[in-house]
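Trainee: Take a look at the following structure, please.
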């Protein structure tokens with residue numbers, strides 16, 4: 001009897017039964033990376049984790065751990081360049097697809113809208129493109145989800161993920177389904193990331209209603225010991241007098257991330273709160289430091305953890321459990337596509353992006369990723385949501401693409417404020433029609449004192465005959481150099497020239513490999529230049545008028561993966577073009593001309609151009625180069641100045657297009673230089689640039705203001721620039737000092753905020 005009583009008491013004691021430990025991890029944005037350090041310390045000290053629950057970033061870490069990733073694997077993953085691309089919405093360079101890349105414009109605000117048949121407009125924009133992240137979650141967790149048969153209790157570690165239903169204002173506890181979808185839902189911060197649909201509901205970041213779901217852990221798993229890792233405690237105890245205006249920019253962060261209540265952890269548990277005071281919830285670059293903070297704090301509390309948790313989980317046993325779980329997984333082989341929210345014609349169009357499926361061959365992960373990347377590089381398809389679903393009856397995965405809320409209308413707004421008369425505002429409108437083909441209507445407008453532009457284009461992409469796009473377009477540009485005033489230097493550097501530039505045409509575009517595009521373009525040109533033949537200007541002068549009308553036929557091949565529209569520091573851009581021109585020149589002299597009116601003259605010529613720009617980045621320093629060359633047999637026009645302004649030109653800097661730089665124009669030239677970019681602080685660069693321009697054939701003014709050819713075998717012109725650039729939301733805030741080896745425009749100072757961009761003229 002006494003022996004039985006002893007055994008009974010032993011079974012009741014903490015050492016006599018398997019003590020169960022649950023880990024709950026809070027949300028906190030980037031600070032949630034500290035949870036990896038917590039896991040790392042727990043595993044190293046053989047503290048078992050039997051259940052995992054998380055919200056937002058805590059849900060991501062909990063889900064990854066439950067799916068079989070070790071803390072070391074999680075740490076290595078978070079330190080990769082790919083991770084930074086996922087959280088910032090950038091596609092991996094290997095999978096970037098240039099064919100759909102739009103020509104840069106001056107916009108800094110983009111609103112994705114929906115326009116229905118009743119002409120009702122709704123906004124559905126998000127700050128971050130989630131497409132790279134969505135596919136990464138599928139890639140990482142679909143096999144684990146299949147091994148668990150989409151039951152979170154059957155993962156390596158039983159799991160619960162908390163999301164939010166904003167419509168009913170309730171939390172949603174996810175315990176089954178596609179693991180990738182659950183993890184994506186729990187981090188759908190409103191405004192930042194678009195929501196995803198899970199079990200028919202649009203779900204948002206779980207931190208909205210329950211940022212520290214210790215209650216979910218208790219209700220679902222009833223652990224003996226709860227370990228709580230909290231990275232989002234109340235960071236400001238009292239009103240921040242003197243700093244409140246500085247903190248206004250972070251109101252979204254304070255609004256969306258609920259304070260976590262440490263009282264949710266019972267006295268039998270352990271509450272871990274790393275010191276993350278120096279770090280931001282929105283900055284994912286301090287990965288190593290955040291992980292280390294979680295690790296250090298957990299190690300400080302290890303005596304308490306070991307006291308309350310007597311059971312141990314040897315690392316070798318855990319490693320064997322992981323291997324056993326991995327053995328249940330299936331290779332990602334996709335034997336069919338599934339679609340949700342598309343018509344039959346639309347599914348055929350999308351299916352053509354996946355070349356293997358066009359020939360009824362299975363898709364492997366790399367094939368699926370490449371096809372998906374091609375597809376979502378077109379802005380219209382940013383509303384797709386991917387899922388890999390294992391179908392046991394087929395012993396293969398299905399690749400499901402679901403359509404979220406449509407965004408068939410987009411509006412762009414932008415502008416630039418400059419210290420010269422180059423300030424402008426811009427507006428762009430995009431509308432999409434999607435059936436058996438995708439048609440994109442584009443209208444871009446820019447209005448300023450110096451530069452005005454209107455650009456209309458309709459692009460139709462046809463996937464059934466291979467990738468091809470048809471683009472009819474119409475462009476009108478106007479430059480008024482007479483109004484080019486400088487508010488810094490003070491003195492006028494104006495040139496009495498007004499240019500109106502019209503071009504109408506049709507482009508056929510084809511992709512070359514993944515990162516190049518080949519275009520063939522036929523266009524009609526109708527240009528008019530008004531100018532005087534003297535450096536001085538008087539209201540008594542009447543303008544010469546030079547008109548050029550005719551056809552242009554050209555081919556071009558190029559790519560552009562620079563990291564910024566302006567003042568890039570990474571990537572490369574290449575353009576090779578060949579053009580044939582057949583124009584009619586009409587010249588009407590003004591009262592500063594020594595020439596009389598001439599009969600219309602036919603002008604024919606061909607031109608080839610190569611431009612290549614590339615950067616090499618090493619930590620805080622980038623060095624780049626720009627090389628450019630032009631070869632042509634362009635003839636002389638009737639008048640010297642009319643010939644000069646219609647020559648090919650070299651534009652090394654942002655303000656180069658705002659001057660008529662005589663020494664940087666030639667029918668045939670070679671140019672090149674170095675670009676040094678020093679990163680002084682995050683988003684602040686100092687740039688030093690220098691170039692050589694070598695004209696191979698130039699012109700000079702002859703008698704009676706005619707143009708005379710001359711060979712430029714000896715002369716080489718230099719130009720230098722120093723610029724301080726702060727990359728902010730509206731574009732670059734830049735102060736630049738430029739030197740040109742030019743008689744009228746030697747030293748220039750330019751301050752501008754926003755993108756200072758101009759469309760190419762019709763002869764470029």
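The values are calculated or read from the model by the stated rules, or taken from the named source; none is laboratory data. Remember, predicted model here, so these are calculated numbers, not experimental data. Positions of Cβ are generated from backbone atoms using ideal geometry, with glycine treated the same way; all protein chains shown enter the neighbour counts.
Trainee: Restricting to the range 504-536, count the residues that are crowded, with 18+ Cβ neighbours inside 10 Å and not in a strand (DSSP E or B).
Mentor: Number of matching residues: 3.
Trainee: Continuing with the same structure: Suppose we filter 671, 723, 697 for residues that are crowded, with 21+ Cβ neighbours inside 10 Å and assigned by the TED database to the domain that holds residue 639; which single one remains?
Mentor: Matching residue, one of 671, 723, 697: 671.
Trainee: Quick check: is even one residue across the range 309-322 at pLDDT 90 or above, closer than 30 Å to residue 21 by Cβ and surrounded by 19 or more Cβ atoms within 10 Å (Cβ to Cβ)?
Mentor: Yes, the range 309-322 contains at least one residue that is at pLDDT 90 or above, closer than 30 Å to residue 21 by Cβ and surrounded by 19 or more Cβ atoms within 10 Å (Cβ to Cβ).
Trainee: Working carefully through the options 411, 368, 443, find the one that is out of contact with any helix residue (DSSP H, G or I) (no Cβ under 8 Å at 6 or more places or on another chain), within 27 Å of residue 144 (Cα to Cα) and touching a residue at least 12 places away in the same chain (Cβ under 8 Å). Step through it out loud before you land on a result.
Mentor: Values: 411 fails: within 27 Å of residue 144 (Cα to Cα); 443 fails: within 27 Å of residue 144 (Cα to Cα).
Unique residue meeting the criteria: 368.
Trainee: Right, another one. Identify all residues within the range 79-131 that are assigned to a strand (DSSP E or B) and at pLDDT 75 or above; write none if there are none.
Mentor: Result: 107, 108, 109, 110, 111, 112.
Trainee: Here is a follow-up. Among the candidates 203, 183, 174, 252, which residue alone is surrounded by 13 or more Cβ atoms within 10 Å (Cβ to Cβ) and modelled with pLDDT under 90? Full working, then the answer.
Mentor: Details: 203 fails: modelled with pLDDT under 90; 183 fails: modelled with pLDDT under 90; 174 fails: modelled with pLDDT under 90.
Testing whether each residue is surrounded by 13 or more Cβ atoms within 10 Å (Cβ to Cβ) and modelled with pLDDT under 90 leaves just 252.
Trainee: Determine which single condition residue 298 fails, assuming it passes every other condition in (1) in contact with a strand residue (DSSP E or B) (Cβ under 6 Å, 6 or more places away or on another chain); (2) at pLDDT 95 or above; (3) surrounded by fewer than 16 Cβ atoms within 10 Å (Cβ to Cβ).
Mentor: (3)
Trainee: Sticking with this one: Which condition does residue 233 not pass, out of (1) within 20 Å of residue 39 (Cα to Cα); (2) surrounded by fewer than 22 Cβ atoms within 10 Å (Cβ to Cβ); (3) modelled with pLDDT of 90 or more, if it passes all the others?
Mentor: Status for residue 233: all satisfied but (3).
Trainee: What number of residues in the range 27-48 are in contact with a strand residue (DSSP E or B) (Cβ under 6 Å, 6 or more places away or on another chain) and either over 14 Å from residue 300 (Cβ atoms) or surrounded by fewer than 23 Cβ atoms within 10 Å (Cβ to Cβ) (or both)?
Mentor: Counting residues in the range 27-48 that are in contact with a strand residue (DSSP E or B) (Cβ under 6 Å, 6 or more places away or on another chain) and either over 14 Å from residue 300 (Cβ atoms) or surrounded by fewer than 23 Cβ atoms within 10 Å (Cβ to Cβ) (or both) gives 3.
Trainee: Which numbered condition trips up residue 76, out of (1) part of a helix (DSSP H, G or I); (2) in contact with a helix residue (DSSP H, G or I) (Cβ under 8 Å, 6 or more places away or on another chain); (3) more than 24 Å from residue 195 (Cα to Cα)?
Mentor: Unmet condition: (2).
Trainee: Working only within the range 449-461, note down all residues that are over 25 Å from the mean Cα position of the chain (by Cα) and either closer than 28 Å to residue 349 by Cα or surrounded by 21 or more Cβ atoms within 10 Å (Cβ to Cβ) (or both).
Mentor: Matches in the range 449-461: 450, 451, 453.
Trainee: Which strands (runs of 3 or more DSSP E) does the range 363-429 wholly contain that include 2 or more residues that are more than 25 Å from the chain's Cα centre (by Cα)?
Mentor: Correct list: 384-391, 396-403.
Trainee: Considering only the range 277-352, give the helices (runs of 4 or more DSSP H) lying wholly within it that have at least 3 residues that are farther than 30 Å from residue 372 by Cβ and without any contact (Cβ under 8 Å) to a residue 24 or more places away in the chain.
Mentor: Where helices (runs of 4 or more DSSP H) fall fully within the range 277-352 and carry at least 3 residues being farther than 30 Å from residue 372 by Cβ and without any contact (Cβ under 8 Å) to a residue 24 or more places away in the chain, they are 315-326.
Trainee: On to the next question. Can you report the number of residues in the range 61-84 which are crowded, with 24+ Cβ neighbours inside 10 Å and under 21 Å from residue 296 (Cα atoms)? Quick ask: steps written out before the conclusion?
Mentor: As a first pass, look at the range 61-84 and keep what is crowded, with 24+ Cβ neighbours inside 10 Å: 61-67.
Next cut, under 21 Å from residue 296 (Cα atoms) only: 61-62, 65.
Summing the residues that are crowded, with 24+ Cβ neighbours inside 10 Å and under 21 Å from residue 296 (Cα atoms) in the range 61-84 gives 3.
Trainee: Yes or no: the range 216-230 includes at least one residue that is assigned by the TED database to the domain that holds residue 299, in a loop (DSSP other than H, G, I, E, B), at pLDDT 85 or above and buried (at least 20 other Cβ atoms within 10 Å of the Cβ).
Mentor: Scanning the range 216-230, I find at least one residue that is assigned by the TED database to the domain that holds residue 299, in a loop (DSSP other than H, G, I, E, B), at pLDDT 85 or above and buried (at least 20 other Cβ atoms within 10 Å of the Cβ), so the answer is yes.
Here is a yes/no grid of residues against (1) closer than 30 Å to residue 94 by Cα; (2) at pLDDT below 95:
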{"site": "537", "(1), (2)": "no, yes"}
{"site": "540", "(1), (2)": "no, yes"}
{"site": "549", "(1), (2)": "no, no"}
{"site": "565", "(1), (2)": "yes, yes"}
{"site": "574", "(1), (2)": "yes, no"}
{"site": "578", "(1), (2)": "yes, no"}
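Trainee: State which residue is modelled with the highest pLDDT when the search covers only the range 745-763 and only residues that are exposed (fewer than 15 other Cβ atoms within 10 Å of the Cβ) and assigned to a loop (DSSP other than H, G, I, E, B).
Mentor: 760
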